[in-house]
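Taking it in order: structure first as structure tokens, then the write-up.
The values are calculated or read from the model by the stated rules, or taken from the named source; none is laboratory data. Since the model is a prediction, treat every value here as computed from it, not as a measurement. Reconstructed Cβ throughout: ideal geometry from the backbone, glycine too, with neighbour counts over all protein chains shown. The accessibility values were calculated without ligands, DNA or RNA, using every heavy atom of the protein model including side chains. Shrake-Rupley method; radii C 1.70, N 1.55, O 1.52, S 1.80 Å.
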Amino acid sequence: MSWQQLEGPLPSGLWPDEGSPEWMNKGDNAWELTAAALVTIQSVPGLIIMYGSMVKKKWAVNSSFMALYAFAVVLICWVLWAHEMSFGEKMCPILGKPNFALGQKYLLEKARVGYIPTATFVFYQFAFAAITVILLGGSVLGRMNFYAWMSFVPLWLTFSYTIGAFTIWGGGFLGEYIIDFSGGYVIHLSSGVAGFTAAYWVGPRLSSDRQHFPPNNIIHMLGGAGFLWVGWTGFNGGSPYAANEITSLAILNTHICTATSLFVWLSMDMLVYKKSSAIGAVQGMITGLVCITPAAGIVEPWAAGLMGAMSGSIPWYTMMVLHRKSAFFQKVDDTLGAFHTHAVAGTLGGLLSGILAEPSLLKLYYPKTTYGPGLFYGLIHGRLMDGLKQMGFQILGAVFVAAWNVVVTSLICIFLSRFLNLRMDERDLEIGDDAVHGEEAYALWGDGERRPPHPHRRLTIPSMCRRC
């Protein structure tokens with residue numbers, strides 16, 4: 001039955017017109033734009049606030065500015081070439097052909113998924129790409145040369161993120177095999193591994209900073225974390241590209257897992273260290289959000305709770321126990337512990353997806369493919385080999401994403417080191433924001449002045465130029 005035959009009973013606001021073609025679902029599009037806005041709010045202002053407050057006071061401006069810069073530059077690169085590399089015409093099994101995502105005709109036609117315009121899809125996926133780069137940056141806060149970061153962002157987006165996105169989501173060779181509902185591998189495993197790799201090549205913070213790096217504002221940190229948590233409603237809720245049952249389940253599962261993970265992490269802190277830690281609670285919140293991401297809409301709520309218990313305990317162990325005992329982890333200065341909160345939790349979520357994916361939910365979300373079932377349901381329903389096969393694919397996906405990010409991130413850092421200092425010089429590291437940007441987070445003198453004016457204040461040369 002066509003819409004013309006239904007025109008009578010429908011309210012006039014639901015009739016198709018030139019701005020709302022027959023193929024577009026207004027409700028789905030409205031929700032997807034809302035979800036995209038929630039994801040962008042996670043980065044700006046969410047991670048800007050959280051990064052600027054979780055670090056030492058002297059690095060507050062630099063840390064926030066790195067996030068803001070990445071958000072802006074990723075959007076430029078995304079519409080110029082990166083979106084089509086991630087979701088465009090296939091060039092090879094791991095990459096699409098670079099092209100613009102700017103044409104009016106292209107942006108206003110039906111998207112490759114759902115009943116929404118391509119412009120909505122482009123914006124939503126940009127929000128994913130931007131937060132991935134910003135999460136990566138958490139590993140190198142407090143010492144990476146800002147000029148090197150300016151170059152690193154577009155290079156990593158182009159040669160690393162696009163490959164993971166196309167391979168699993170955009171029609172690449174793993175797309176028909178890997179369960180990754182909303183980016184456990186594409187976003188979190190890649191950002192955690194790449195951040196850890198970049199931290200290795202950039203080098204450590206000053207010894208004094210590594211030993212004593214207190215947050216400069218825990219209240220603001222909690223506020224930024226709040227943006228991150230609430231924004232995850234759109235992060236996972238937007239992945240079905242529709243306002244449907246899977247969307248509702250994904251949102252509920254997201255919050256169940258996150259709350260459970262926070263509670264378990266907090267409990268571990270209290271049992272071992274005899275104190276409840278606000279910073280620890282935020283870490284537990286993040287690991288819960290990350291762990292449920294690849295499984296949000298394809299597991300039952302009880303499974304989401306189980307995933308929360310595991311994401312609040314296993315990453316806690318790797319960060320609070322294994323990291324301190326391992327010489328390898330001690331050698332690499334991962335400032336905010338992104339390897340544990342994103343790589344470990346993302347891998348855990350991907351593997352648990354292969355175990356706990358419920359068959360009927362898989363059919364609802366992936367109607368044209370034959371994923372799963374999860375290993376647990378394979379055992380119950382006599383499909384053990386299918387469950388084991390899915391687990392094998394999940395492991396393969398994790399290995400591919402991790403290996404690609406180690407290699408490509410290393411090559412990018414090595415390439416940039418030929419032209420720029422990846423790490424700030426010792427003098428800038430001692431001073432912090434004032435040396436790097438000529439600005440500080442907190443005014444301590446007069447009306448916004450840091451100190452009395454000094455007519456002979458020496459101008460500093462940017463670190464980028466000192467190499468020459």
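Condition first: of a type in the set (Gly, Ala, Ser) and out of contact with any Gly (no Cβ under 6 Å at 6 or more places or on another chain). Now tell me which residues in the range 377-409 satisfy that. Within the range 377-409, Gly382, Gly392, Gly397, Ala402, Ala403 meet the criteria.
In the set Ser64, Ser53, only one residue is hydroxyl-bearing (Ser, Thr, Tyr), modelled with pLDDT of 90 or more, out of contact with any His (no Cβ under 7 Å at 6 or more places or on another chain) and under 30 Å from Ile431 (Cα atoms); that residue is Ser64.
Consider Tyr69 carefully, then state whether it is in contact (Cβ under 8 Å) with a residue 60 or more places away in the chain and open to solvent by 30 Å² or more (accessible area, probe 1.4 Å).
Taking the combined requirement at face value, the residue satisfies it.
Need at least 2 residues that are crowded, with 24+ Cβ neighbours inside 10 Å and among the hydroxyl-bearing types (Ser, Thr, Tyr) per element, so show me which helices (runs of 4 or more DSSP H) inside the range 289-400 make the cut, counting only ones lying wholly within it. Quick ask: steps written out before the conclusion?
Numbers: elements: 301-311, 314-317, 327-331, 345-356, 359-365, 375-380.
Fully inside the range 289-400 and qualifying: 345-356.
Looking at Leu155, Leu228, just one residue is assigned to a helix (DSSP H, G or I) and either at pLDDT below 95 or more than 18 Å from Met85 (Cα to Cα) (or both), and that residue is Leu228. Only one of the listed residues (Ala303, Ala295) is touching a Leu at 6+ places or on another chain (Cβ under 6 Å) and of a type in the set (Gly, Ala, Ser). That residue is Ala303.
Being of a type in the set (A, V, I, L, M, F, W, C), part of a loop (DSSP other than H, G, I, E, B) and over 12 Å from Phe181 (Cα atoms) narrows it down to one of Ala242, Ala281, so name that one. Working first, answer last.
Numbers: Ala281 fails: part of a loop (DSSP other than H, G, I, E, B).
Result: Ala242 is the single residue among Ala242, Ala281 that is of a type in the set (A, V, I, L, M, F, W, C), part of a loop (DSSP other than H, G, I, E, B) and over 12 Å from Phe181 (Cα atoms).
Quick one: in the range 214-258, of everything that is of a type in the set (A, V, I, L, M, F, W, C), closer than 17 Å to Ala295 by Cβ and within 19 Å of the chain's Cα centre (by Cα), which residue is surrounded by the fewest Cβ atoms within 10 Å (Cβ to Cβ)? Steps first, please.
Within the range 214-258, the first condition is being of a type in the set (A, V, I, L, M, F, W, C), and the residues that meet it are 218-219, 221-222, 225, 227-230, 232, 235, 242-243, 246, 249-252, 256-257.
Pick out the ones that are also closer than 17 Å to Ala295 by Cβ and you get 232, 235, 246, 249-252, 256-257.
Retained after the next criterion (residues that are within 19 Å of the chain's Cα centre (by Cα)): 232, 235, 250-251, 257.
Details: Trp232: 27, Phe235: 28, Ala250: 29, Ile251: 20, Cys257: 34.
Among them, the one singled out is Ile251.
When the range 401-433 is filtered for residues that are without any contact (Cβ under 8 Å) to a residue 12 or more places away in the chain and surrounded by 21 or more Cβ atoms within 10 Å (Cβ to Cβ), nothing remains.
Mind listing whichever residues of the range 96-126 are in a loop (DSSP other than H, G, I, E, B), buried (at least 18 other Cβ atoms within 10 Å of the Cβ) and touching a strand residue (DSSP E or B) at 6+ places or on another chain (Cβ under 9 Å)? Write out each step before concluding.
Taking the range 96-126 and keeping what is in a loop (DSSP other than H, G, I, E, B), we get 97-103, 108-109, 111-116.
Those still in the list that are buried (at least 18 other Cβ atoms within 10 Å of the Cβ) too: 101, 111, 114-116.
Passing the criteria: Ala111, Ile116.
Give me the residue from the range 127-152 that is of a type outside the set (Gly, Ala, Ser) and part of a loop (DSSP other than H, G, I, E, B) and, out of that set, surrounded by the most Cβ atoms within 10 Å (Cβ to Cβ). It comes out as Val140. Does Ala199 fit the bill of being closer than 21 Å to Asp428 by Cβ and either modelled with pLDDT of 95 or more or among the aromatic types (Phe, Trp, Tyr) (or both)? When the stated conditions are applied, Ala199 passes them.
Among the residues making up the range 165-181, those that are in contact with a Ser or Thr (Cβ under 7 Å, 6 or more places away or on another chain) and open to solvent by less than 10 Å² (accessible area, probe 1.4 Å) are Ala165, Phe166, Gly170, Leu174, Ile179, Phe181. Taking the criterion of being in contact (Cβ under 8 Å) with a residue 40 or more places away in the chain and β-branched (Val, Ile, Thr), the residues of the range 35-66 that qualify are Val39, Thr40, Ile41, Ile48, Ile49, Val55, Val61.
Within the range 183-218, being within 15 Å of Ile412 (Cβ to Cβ) and touching a Cys at 6+ places or on another chain (Cβ under 8 Å) holds for Thr197, Ala198, Trp201, Val202.
Return the residues of the range 259-288 that are among the hydroxyl-bearing types (Ser, Thr, Tyr), within 12 Å of Gly305 (Cα to Cα) and open to solvent by 10 Å² or more (accessible area, probe 1.4 Å); say none if nothing qualifies.
Thr260
Taking residues in the range 375-399 that are farther than 23 Å from Ala194 by Cα, and partners anywhere that are open to solvent by 10 Å² or more (accessible area, probe 1.4 Å) and β-branched (Val, Ile, Thr), the pairs with Cβ atoms closer than 6 Å and at least 6 places apart or on different chains are Leu375/Ile355; Phe376/Ile355.
Just to be sure, is Arg205 assigned to a helix (DSSP H, G or I), open to solvent by 10 Å² or more (accessible area, probe 1.4 Å) and of a type in the set (Lys, Arg)? Against the criterion (assigned to a helix (DSSP H, G or I), open to solvent by 10 Å² or more (accessible area, probe 1.4 Å) and of a type in the set (Lys, Arg)), Arg205 does not qualify. Scan the range 39-66 for residues that are open to solvent by less than 40 Å² (accessible area, probe 1.4 Å) and more than 13 Å from the chain's Cα centre (by Cα) and report the count. Total meeting the criteria: 14.
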